[in-house]
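The values are calculated or read from the model by the stated rules, or taken from the named source; none is laboratory data. Computed from a predicted model, the values in this text were never measured in an experiment. Here Cβ is always computed from backbone atoms with ideal geometry, including for glycine, and neighbour counts include all displayed protein chains. Note: areas computed on protein heavy atoms with side chains; ligands, DNA, RNA excluded. Shrake-Rupley method; radii C 1.70, N 1.55, O 1.52, S 1.80 Å.
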Amino acid sequence: MISREQRTPFSEWWWTVDRLQLAAIIALMLAGIILSLAASPPVATRIGLEPFHFFNRHVLFLLPSFIVMIGVSFLSPRQIRRTALIVFAVSIALIVVTLLIGPEVKGSRRWITLIGVNIQASESAKPAFVVLAAWLFAESAKRPEMPATSMALVLLMMLVSLLVMEPDFGQTMLILMVWGALFFIAGMRMIWVLGLGGAATAGLFAAYLLVPHVAGRIKRFMNPASGDTFQVDTAMEAFYNGGWFGLGPGEGIAKRSLPDSHTDFVFAVAAEEFGIILCLVLLALFAFIVIRALSRAYATEDMFARFAASGLAILFGVQAAINMSVNLQLIPAKGMTLPFISYGGSSIVSLAYGVGMMLALTRQRPRTEMESIGDANAARSYA
């Protein structure tokens, strides 16, 4: 099945996909299983569920996620654009429905239940949006007369507006940072850099003035004595308790009191039970995946593949960096999962979809195949 001489779909995929990057992603998935087993039982018991409720669901979500990742990595760039357009359209529709009829939890509407499954549509919108923005930036570079950059800005404003209405300022900041990075990679002018930076600063200041939730988190970060900082303080104690080598599996103390020890603060549980050494290993895995994807993206000659793979790698890396920074009290607290480590079905499946596209776009296809793709693109417009 994997012989170079036998040209089967699987053998072609196996010899062109980045196997080292794939191995690193699978290692993160396995680490997520171990850390879910360590962090989730106390949370489940505390809210009256079966001890391994979250662990069982975490493994259950991983199975379709792995299938999604591998299946998407078989797609061609053209198929990736088409599926991203469909996924984005469906995600936007679900976000609108969520805003209309979704239940309000802790002051926001982010979840909707379909066929007995809780779905956070903003998670699937992120990777699809990155691919569509990369597509438009690539078109703008090739055909300057096309208002592709303006269309990308319209897409950004539409998604950001819906996220602010939920409200979900963490995801909003993530989307803005990734879009800005894509715009920079695509070669924006310095006036745009200054303009976008000023707009982002003004938006953050407006959120601080107008949204009490945002103002409270920033104030607590700047002055911990001004409010409740129980979760972040407990997370920092977990790092101190764990030291370099940890207290041992199952011996952690922080997870017994942290409400989100299986989601937002699973990194702190990892530090307490397995030590800073494991945290550094996880950090190295995230860094390797991002750097590897960026290096292979810049090696490809297809502008769309270069932009899209870079954007997906940045999305993956920035989300991980935000989660770890919150655990280390380097930035104000915000709800952001640690990719493939934190519990969350929508997050895991969407991340698998994103890294699947990243693997597909960084495959080392033969030059003849890339030339045929280029000829096809020159003959007809992207669809």
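Key figures
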item: ILE289 being of a type outside the set (Ser, Thr, Tyr), within 23 Å of GLY356 (Cβ to Cβ) and in a loop (DSSP other than H, G, I, E, B); result: no
item: Meets criteria (within 17 Å of PRO167 (Cβ to Cβ) and either open to solvent by less than 70 Å² (accessible area, probe 1.4 Å) or touching a Cys at 6+ places or on another chain (Cβ under 7 Å) (or both)) for ILE70; result: no
item: Hits in region 307-336 - residues which are open to solvent by 20 Å² or more (accessible area, probe 1.4 Å) and touching a residue at least 60 places away in the same chain (Cβ under 8 Å); result: ILE314, VAL318, LEU328, GLN329, ILE331, PRO332, ALA333, LYS334, GLY335
item: Residues satisfying the stated conditions in region 231-261, i.e. in contact (Cβ under 8 Å) with a residue 40 or more places away in the chain, more than 16 Å from LEU37 (Cα to Cα) and in a loop (DSSP other than H, G, I, E, B); result: none
item: ALA284, sole failed condition from (1) touching a helix residue (DSSP H, G or I) at 6+ places or on another chain (Cβ under 8 Å); (2) small (Gly, Ala, Ser); (3) surrounded by fewer than 24 Cβ atoms within 10 Å (Cβ to Cβ); result: (1)
item: Residue selected from region 116-150 under the condition in contact with a helix residue (DSSP H, G or I) (Cβ under 8 Å, 6 or more places away or on another chain) and of a type in the set (S, T, N, Q), by the criterion surrounded by the fewest Cβ atoms within 10 Å (Cβ to Cβ); result: ASN118
item: So VAL17, is it under 29 Å from TRP135 (Cα atoms), surrounded by 15 or more Cβ atoms within 10 Å (Cβ to Cβ), in contact with a helix residue (DSSP H, G or I) (Cβ under 6 Å, 6 or more places away or on another chain) and at pLDDT 95 or above; result: no
item: Pairs with Cβ under 6 Å, 6+ apart, first in region 203-223 and farther than 20 Å from MET177 by Cα and of a type in the set (D, E, K, R), second open to solvent by 40 Å² or more (accessible area, probe 1.4 Å) and in a helix (DSSP H, G or I); result: LYS219/SER226; ARG220/SER226
item: Evaluation of VAL214 against (1) crowded, with 17+ Cβ neighbours inside 10 Å; (2) under 30 Å from ALA134 (Cβ atoms); (3) modelled with pLDDT of 75 or more (one fails), failing number; result: (3)
item: Residues (open to solvent by 60 Å² or more (accessible area, probe 1.4 Å) and modelled with pLDDT of 80 or more) located in region 177-198; result: MET177, PHE184
item: Scan of region 26-60 for residues that are β-branched (Val, Ile, Thr) and open to solvent by 60 Å² or more (accessible area, probe 1.4 Å), ordered by number; result: ILE34, THR45, ILE47
item: Unmet requirement for VAL105, which otherwise passes all of (1) open to solvent by less than 80 Å² (accessible area, probe 1.4 Å); (2) under 23 Å from ALA133 (Cβ atoms); result: (2)
item: Restricting region 296-306 to residues that are more than 9 Å from ALA138 (Cβ to Cβ) and either of a type in the set (A, V, I, L, M) or within 20 Å of the chain's Cα centre (by Cα) (or both), the residue that is most open to solvent (accessible area, probe 1.4 Å); result: ALA299
item: Spans of helices (runs of 4 or more DSSP H) in region 27-146 with at least 1 residues within 18 Å of the chain's Cα centre (by Cα) and either among the acidic types (Asp, Glu) or modelled with pLDDT under 90 (or both); result: 121-142
item: Sole exception among (1) surrounded by fewer than 18 Cβ atoms within 10 Å (Cβ to Cβ); (2) at positive phi; (3) within 26 Å of the chain's Cα centre (by Cα) for GLY275, by number; result: (1)
item: ALA308 being under 25 Å from ASP18 (Cα atoms), part of a helix (DSSP H, G or I) and of a type in the set (A, V, I, L, M); result: yes
item: Test: residue in region 217-228 that is in contact with a Phe, Trp or Tyr (Cβ under 8 Å, 6 or more places away or on another chain), assigned to a helix (DSSP H, G or I) and within 21 Å of GLY344 (Cβ to Cβ); result: no
item: Residue identified as touching a Pro at 6+ places or on another chain (Cβ under 9 Å), among the polar types (S, T, N, Q) and at pLDDT 90 or above among SER342, SER350; result: SER350
